[in-house]
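J.: Sharing a structure, written as structure tokens. Questions coming.
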Amino acid sequence: MKLNERSVAHYATCDSPADHAGFLRKRVERHHHHAHHHHATSYQRRWFVLKGNLLFYFEERESREPVGLVVLEGCTVELCEAAEEFAFAIRFDDAGARAYVLVADGQAAMEAWVKALSRASFDYMRLVVRELEKQLEEACKSLAACRKSPRRSSSSGRKRHLSNPALLPVSPETACFSKLHSWYGQEIAVLRREWQERQKRGHP
């Protein structure tokens with residue numbers, strides 16, 4: 001997925017409301033290990049802002065330019081049985097993609113982030129669907145308006161027995177959209193259940 005960097009950076013800092021924000025410590029991947037600290041994993045404290053399915057991180061809370069971006073697409077968010085407490089990871093289906101290991105300040109913060117991030121990729125799809133539905137609705141309205149116009153009265157004789165045309169599906173698409181909707185709804189429900197189950201198992 002190609003992103004226009006300028007518009008993404010603008011989106012990061014413009015006034016559109018954030019879906020979630022807060023400080024997290026991000027594990028730094030070290031490729032060259034110095035002998036004297038090959039055990040130490042270093043973490044950077046960064047200000048994270050989630051907007052839609054884009055997770056930005058900034059050097060400081062006040063920074064204008066994000067130093068990084070994670071696109072939450074085809075990813076799973078899971079609790080990490082890492083050395084660090086309150087750690088969780090964003091992993092991608094794509095084998096080559098790197099995982100992001102993040103550490104929250106506490107249990108509540110961690111749960112809130114995991115919830116917000118797991119929802120983000122689904123909500124993004126739902127937004128796309130909603131946008132398409134809106135366009136479809138507009139198209140249907142203008143179609144209905146055309147049908148009502150008196151010029152077409154010649155062909156109206158045989159349509160008279162349809163007492164309520166609104167009950168007929170306007171187009172096959174509408175059926176697909178409602179399916180999509182319920183499908184995403186189910187996906188989220190399943191995810192949430194799995195997550196709660198894992199919580200129960202992990203924390204007796």
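The values are calculated or read from the model by the stated rules, or taken from the named source; none is laboratory data. Since this is a predicted model, take the numbers as computed values, not measurements. Reconstructed Cβ throughout: ideal geometry from the backbone, glycine too, with neighbour counts over all protein chains shown.
J.: Which pairs do you get when a residue that is under 20 Å from R27 (Cβ atoms) and in the same structural domain as F48 (by TED's automatic domain parsing), found in segment 62-74, comes within reach of a residue that is modelled with pLDDT under 90 and of a type in the set (S, T, Y), reach meaning Cβ atoms under 6 angstrom, with the pair 6+ apart or on two chains?
T.: Listed by first residue and then by second, the contacts come to L72/S121.
J.: Restricting to segment 104-145, name every residue that is over 20 Å from the mean Cα position of the chain (by Cα) and not charged (D, E, K, R). Break it down into steps so the answer makes sense when it comes.
T.: If we filter segment 104-145 for residues that are over 20 Å from the mean Cα position of the chain (by Cα), which is where we start, we get 105-108, 135-145.
Across segment 104-145, the qualifying residues are G106, Q107, A108, Q135, L136, A139, C140, S142, L143, A144, A145.
J.: To continue, here is another question. Looking at E29, is it at pLDDT 80 or above, among the acidic types (D, E) and at negative phi? Show your work before the answer.
T.: Values: at pLDDT 80 or above: no; among the acidic types (D, E): yes; at negative phi: yes.
Spelling it out, it is not the case that E29 is at pLDDT 80 or above, among the acidic types (D, E) and at negative phi.
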